[in-house]
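Asks: Can you keep this structure in mind? I'll have questions shortly.
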Amino acid sequence: MVRPVETTYDESNFQVTVTENLSSALELDKVESHLHPEGSFDLADHAVPTGREEIWRFTPLKRLRGLHADAPLGGSFFSADLTVPEGVEAAVVDSADAGRGVSGLVPWDRIAARTWDAAARTLTVRIPKELVADQPVYVDVKGTATSADDEATASHVVITAEPFSQATVVLRFTGSMTLADNVEIVVGDGAQLTVVSIDDWADDAVHVGHRHVRVGRDASFKHVDVTFGGSVVRHDTTAEYAGAGGSVDMLGLYFADAGQHIEHRLFVDHTAPNTKSNVVYKGALQGEGARTVWIGNVLIRKVAEGIETYEENRNLVLTDGCQADSVPNLEIETGEIAGAGHASATGRFDDNQLFYLRSRGVSEKEARRLVVHGFFNDLIRHINVPELEESLFATVEAELAKNVLAEA
Amino acid sequence: MSTLEIKDLHVSVDTEDGAKEILKGVTLTIKDGETHAIMGPNGSGKSTLAYSIAGHPKYTITSGTVTIDGEDVLEMSVDERAKAGLFLAMQYPVEVPGVSVANFLRTAKTALDGEAPKLRTWVKDVNGALEQMNLDPAFSQRSVNEGFSGGEKKRHEIAQMDLLDPKVALLDEIDSGLDIDALKVVSEGINRFKERDGKGVLLITHYTRILRYVKPDFVHVFVNGKIAEEGGPELADQLEAEGYDKYVKAAV
């Protein structure tokens, strides 16, 4: 087991003692908060969930194919392609040699802990110091499972953007498989990193992902989570700061069809002063049994003076029979902050918008299409990866064709 | 030629206390090239008239007819009414986040014409229409009505009227919230539209101010869901001097 370089954990009480970048004067003590996940590398600390726990109560455990219990994780029903621009280093190495834990990730639920233990190999992506990558790194994972009984896969990824580097890493998931993965991301001081995750699975895939980022001093990190496909997709994405002045954007776009469960659980832990976080997730739901869950947790620690945070979740319910849960949580330990806010809205088409567009001659169908495109448009522009814009718009269009446009 | 004919129109809305009648028998004909001003106090039903003609789902037509060039408007869907030549400039234009003005205008023009406008002339037309309303060409990249000032919203409505070129324009309080400069720009836009062949304009307003710049052929005083008096432009001057009091009292 590899431990984080500058941090040691006393597992008896989970006190975090920071020895390098942050002085102990920063008082990064355990916070008595249900938002604060208590991690452990020991599987015995993570009981099999019953579904009644706060962190599991929205998830259809029965459809997780045993990932949360004891299902074996040794499958390899997938192929992976890497496209790596010049200067960036990527390799698949033995997990023992991968420097795992460098992001500060300590498994905070049973699936993450099991994945940690089971992932024998780790994909490492390193953007060397000061390198400005002119093209995105693409990691294309294609599931090749043909049955729900095909053994699940555990994988681990470590992405390191060294100080003052700039890069974009795109993780694309297609095909079908049962996947549990841990993704660790380290953004060095002054670096700018964008990680885009696109779940474009076939309808029967199951994906439970854990992503943890540590953002360095004056670094910016943008996480873009696009979720279209899969039967059950649950992503936990968490962020902490290794120094002052770091900035995190978390953008999400999801589209749940009949029977799909898409769950995003976010946690931004403001562990350093003058840091920023901006979380915007937008989703659309259509078809019987389409279900989305968004949990947006933000903790502002005592040390985190002068920070700014905003989180927002918007859901557009396109048909009957859908359910969207949206739970923003904000816990503030210091009053000395620049700003903190959140917003959540779930609704149907706005009659006045449709009327306005139709009064200009636009058909009802076309008006609905425009409104949904507009709903996602701002977000897609903010992703700011021109190579992806086109295909994201096309995917939104294809999703709409299934229901909203077919119906009107 | 274009004629909008409204006959004995009764309209109600659903309220918590059941249906409430707002329009109580409105008869009005707007012929080729005519500009009609409808004036009246707040709550008299002026806006309801415009929205019911355009087909807003909130309003229920209980009796009466509306035709445009003999065709039954009330049988048409909202977008069919636009295709038949109606245009409604709204008092409070609606925000459509993420949809650019350019995309919105092109989509509307394509829907009305049944084919996409020719790219080169269209961009020029759009920029020209915006410029005439004192709107920068960069305006077309903004989201529809999102973050627009009150004046920008109204000028954008008139730019749409210019580009979409309806037969009959219903302008609902297009003058509200405008400063004098914006009012002049908007009025000039309406006057350019009026000068085109066979256009009808229904100008709904609370104030006489805009009528100094846009000359109506007829003025109707609207009180309590009905037309209380009709006349020529001189009626506007009389209203300016005397207000609505005598009509409101008479209606009670």
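Asks: Hey, if you drop one equal point scatterer on each alpha-carbon of segment B:105-160 and run the Debye formula without solvent, what base-10 log of I(q)/I(0) do you get at q = 0.16, 0.18, 0.19, 0.24 Å⁻¹?
Replies: -0.49, -0.61, -0.68, -1.00
Asks: Please check: in the Gaussian network model of chain A (C-alpha springs, under 10 Å), which one of A:PRO49, A:PRO386, A:PRO273 has the largest mean-square fluctuation.
Replies: In this elastic network of chain A, the residue with the biggest mean-square fluctuation among A:PRO49, A:PRO386, A:PRO273 is A:PRO386.
Asks: Answer rounded, prolate or oblate for segment A:305-361, using the Cα gyration tensor with square roots of eigenvalues a ≥ b ≥ c: rounded when a/c is under 1.5, else prolate when a/b is larger than b/c, else oblate. The partial results should precede the final answer.
Replies: Numbers: a/c = 6.50, a/b = 2.16, b/c = 3.00.
It comes out oblate by the Cα gyration axes.
Asks: Just to verify a number: what accessible area does A:SER391 come out at with the full protein assembly present, 1.4 Å probe, Å² rounded to tens?
Replies: Looks like 60 Å² after rounding.
Asks: By how many degrees, 0 to 90 and rounded to 10, does the Cα axis of helix B:150-164 deviate from the longest principal axis of chain B?
Replies: Relative to chain B, helix B:150-164 is tipped by roughly 80 degrees.
Asks: Okay, next question. Percent relative contact order of segment A:7-348, based on C-alpha pairs within less than 8 angstrom and at least six residues apart? Intermediate values should be presented prior to the final figure.
Replies: Numbers: 1016 pairs, mean separation 38.9, N = 342.
Relative contact order here is 11 percent.
Asks: Now, a different point. Starting from the Cα gyration tensor of segment A:350-408, take the square roots of the eigenvalues, sort them a ≥ b ≥ c, and report rounded, prolate or oblate (rounded when a/c is under 1.5, otherwise prolate if a/b is larger than b/c, else oblate). If you can, show how the numbers build up before the last one.
Replies: Working: a/c = 2.97, a/b = 1.67, b/c = 1.78.
Oblate, since a/c reaches 1.5 and b/c is not below a/b.
Asks: A follow-up question, please. Mind checking which of B:LYS46, B:LYS199, B:LYS20 has the largest fluctuation in a GNM of chain B, springs on alpha carbons under 10 Å?
Replies: Answer for the Gaussian network model of chain B: B:LYS20.
Asks: Report Rg/Rh for segment A:271-313, rounded to two decimals, where Rg is the Cα radius of gyration and Rh the Kirkwood radius.
Replies: Details: Rg = 14.9 Å, Rh = 12.5 Å.
Reported Rg/Rh, Kirkwood definition of Rh: 1.19.
Asks: Sticking with this one: Given a cut-off of under 8 Å on Cα pairs at least six residues apart, what relative contact order in percent is computed for chain B?
Replies: Rounded, it is 28 percent for chain B.
Asks: Just to verify a number: FRET efficiency for A:THR334 and A:PHE393, C-beta to C-beta distance, R0 = 56 Å, to 0.05? Don't skip to the end; give the middle numbers.
Replies: Working: r = 41 Å, r/R0 = 0.74.
After rounding, the FRET efficiency stands at 0.85.
Asks: Next question, about the same structure. How many Å³ per residue does the convex hull of the Cα positions in segment A:117-203 occupy?
Replies: Numbers: hull volume 7.4 nm³, N = 87.
In segment A:117-203, the Cα convex hull volume per residue is 85 Å³.
Asks: Here is a further query. What does the charge count around B:ALA108 come to, taking other residues whose C-beta lies under 12 Å from its C-beta (Lys +1, Arg +1, Asp -1, Glu -1)? Intermediate results must be reported in sequence, preceding the final value.
Replies: Values: positive: A:ARG358, A:ARG360, B:LYS83, B:ARG106, B:LYS109; negative: A:GLU366, B:ASP79, B:ASP113, B:ASP165.
Net charge around B:ALA108: +1.
Asks: Now, a different point. Using label points projected 7 Å from each Cα along Cα→Cβ, tell me how many nm separate B:LYS215 and A:ARG348, to one decimal.
Replies: About 5.0 nm, to one decimal.
Asks: Take segment B:156-230, compute every pairwise Cα distance, and split them into 10 Å bins from 0; I just need the percent in each bin.
Replies: Bin by bin from 0 Å, the calculated values are 17, 53, 27, 3.
Asks: Can you check how the C-alpha radius of gyration of the protein assembly as shown compares to 2.2 N^0.38 Å, as a plain ratio?
Replies: Numbers: Rg = 30.4 Å, N = 660, 2.2 N^0.38 = 25.9 Å.
The protein assembly as shown yields a ratio of 1.17.
Asks: Calculate how many DSSP beta bridges within chain B are antiparallel, expressed in % of all such bridges and rounded to the nearest 5.
Replies: Details: 27 of 45 bridges.
Roughly 60 percent of the DSSP beta bridges within chain B come out antiparallel.
Asks: Also, quick follow-up: Filter B:LYS167/B:LYS215; B:LYS124/B:LYS184; B:LYS83/B:LYS194; B:LYS118/B:LYS154; A:LYS365/B:LYS31; B:LYS7/B:LYS31 down to the pairs with a C-alpha to C-alpha distance above 22 Å, please. Numbers along the way, then the final one.
Replies: Values: B:LYS167/B:LYS215 18 Å; B:LYS124/B:LYS184 24 Å; B:LYS83/B:LYS194 19 Å; B:LYS118/B:LYS154 26 Å; A:LYS365/B:LYS31 33 Å; B:LYS7/B:LYS31 14 Å.
From the list (B:LYS167/B:LYS215; B:LYS124/B:LYS184; B:LYS83/B:LYS194; B:LYS118/B:LYS154; A:LYS365/B:LYS31; B:LYS7/B:LYS31), the Cα-Cα distance tops 22 Å for B:LYS124/B:LYS184; B:LYS118/B:LYS154; A:LYS365/B:LYS31.
Asks: Any idea what the dipole of segment B:109-252 comes to, in debye rounded to 20, about its Cα centre with Lys/Arg Cβ at +1 and Asp/Glu Cβ at -1? Spell out each step's value before the answer.
Replies: On the way: 20 positive and 26 negative charges, 66 e Å.
Once rounded to the nearest 20, the dipole reads 320 debye.
Asks: Could you report the buried accessible area between B and A, both sides summed, computed with a 1.4 Å probe and given in Å² to the nearest 100? Spell out each step's value before the answer.
Replies: Values: alone 12140 and 16610 Å², together 26740 Å².
It comes to approximately 2000 Å² buried between B and A.
Asks: Taking N as the number of residues in segment A:265-370, what value does Rg over Cα atoms divided by 2.2 N^0.38 Å take? Don't skip to the answer; put the middle values down first.
Replies: Values: Rg = 18.1 Å, N = 106, 2.2 N^0.38 = 12.9 Å.
The reported ratio for this selection is 1.40.
Asks: Let me know the charge dipole size of the protein assembly as shown about its Cα centre in debye, to the nearest 20, where only the beta-carbon of Lys, Arg (+1) and Asp, Glu (-1) is charged. Don't jump to the answer; show the numbers that get you there.
Replies: On the way: 64 positive and 104 negative charges, 257 e Å.
Rounded to the nearest 20 debye, it is 1240 debye.
Asks: Right, here's the next one. Test of understanding: in a Gaussian network model of chain A with alpha carbons linked when under 10 Å, which of A:HIS212, A:HIS382, A:HIS68 would top the mean-square fluctuation ranking?
Replies: Comparing A:HIS212, A:HIS382, A:HIS68 in the GNM, the peak value goes to A:HIS382.
Asks: Okay, moving on. Which value does Rg/Rh take for segment A:175-214 over its C-alpha atoms, Rh per Kirkwood? Display every interim value, and only then the final one.
Replies: Details: Rg = 13.2 Å, Rh = 12.0 Å.
Computed over Cα atoms, the ratio is 1.10.
Asks: What is the P(r) of segment B:75-131, as percent of Cα-Cα pairs per 10 Å bin from 0?
Replies: Per 10 Å bin, starting at zero, the Cα-Cα P(r) for segment B:75-131 comes out as 19, 47, 31, 3 percent.
Asks: Now for a different question. Checking the a/c ratio against 1.5 first, then a/b against b/c, what shape does the Cα gyration tensor give for segment A:66-119?
Replies: Numbers: a/c = 2.62, a/b = 1.50, b/c = 1.74.
It is oblate, given that a/c is not under 1.5 and a/b is not larger than b/c.
Asks: Helix by helix, which DSSP H runs in chain A go 18 Å or more along their axis at the Cα atoms and have an average Kyte-Doolittle hydropathy of -0.5 or more?
Replies: Working: long enough: A:364-383 (29 Å, -0.29); A:386-402 (26 Å, -0.04).
Sorted by number, the helices that extend far enough and score high enough are A:364-383, A:386-402.
Asks: Next up: Can you pull the percent of chain B's accessible area that's carbon plus sulfur, 1.4 Å probe, other chains left in place? All intermediate terms of the calculation are to be shown ahead of the outcome.
Replies: Working: 5250 of 11190 Å².
That fraction is 47 percent.
Asks: Please work out the average accessible area per residue across the protein assembly as shown, using the 1.4 Å probe convention, and give it in Å².
Replies: On the way: 26740 Å² over 660 residues.
Spelled out: the 1.4 Å probe surface of the protein assembly as shown, per residue, equals 41 Å².
Asks: Using only the alpha-carbon atoms, what does chain B span along each of its principal axes? Please give whole angstrom values in decreasing order.
Replies: In descending order, the Cα extents are 56, 39, 39 Å.
Asks: For segment B:11-112, what is the largest minus smallest coordinate of the Cα atoms on each principal axis, given in angstrom and ordered from greatest to least?
Replies: In descending order, the Cα extents are 40, 36, 27 Å.
Asks: Further question: With only alpha-carbon atoms counted, please give the Rg and Dmax of segment B:105-203, in Å.
Replies: Computed over the Cα atoms of segment B:105-203, radius of gyration and Dmax are 13.3, 38 Å.
Asks: Using helices alone, I'd like the mean residue ellipticity at 222 nm for the protein assembly as shown: each DSSP H run of four-plus residues gives -39500 (n - 2.57), total over residue count, nearest 500. Before the final figure, lay out each step's value.
Replies: Working: 13 runs with 147 residues, N = 660.
Taking each H run of at least 4 residues, the total per residue is -7000 deg cm²/dmol.
Asks: Could you give me the percent of Cα pairs per 5 Å distance bin for segment A:310-408, shortest bin first, beginning at zero and ending with the bin that holds the maximum distance?
Replies: Cα pair-distance distribution for segment A:310-408, in percent: 2, 10, 17, 17, 19, 14, 10, 5, 4, 2, 0.
Asks: For a label point 7 Å from the Cα of B:ASP8 along Cα→C-beta, name the residues of segment B:56-82 whose backbone N is under 14 Å from it.
Replies: From segment B:56-82, the list is B:62-66.
Asks: Quote the convex hull volume per residue of segment A:7-348, based on C-alpha atoms, as a whole number of Å³.
Replies: So the per-residue Cα hull volume is 122 Å³.
Asks: When we measure straight from the Cα of B:LYS109, which aspartates and glutamates land under 17 angstrom away, once same-chain ones fewer than 8 places off are left out?
Replies: Answer for B:LYS109, where 17 Å is the Cα cut-off: A:GLU364, A:GLU366, B:ASP79, B:GLU80, B:ASP125, B:GLU157, B:ASP162, B:ASP165, listed by chain and number.
Asks: At q = 0.13, 0.20 Å⁻¹, work out log10 I(q)/I(0) for segment B:150-200 with the Debye formula, treating every Cα as an identical point scatterer and leaving solvent out; two decimals please.
Replies: -0.27, -0.63
The values are calculated or read from the model by the stated rules, or taken from the named source; none is laboratory data. Predicted, not measured: the structure shown is a model, and the values here were computed from it. Positions of Cβ are generated from backbone atoms using ideal geometry, with glycine treated the same way; all protein chains shown enter the neighbour counts. Just so you know, the surface numbers come from the protein's heavy atoms only, side chains and all, with ligands and any DNA or RNA stripped out. Shrake-Rupley method; radii C 1.70, N 1.55, O 1.52, S 1.80 Å.
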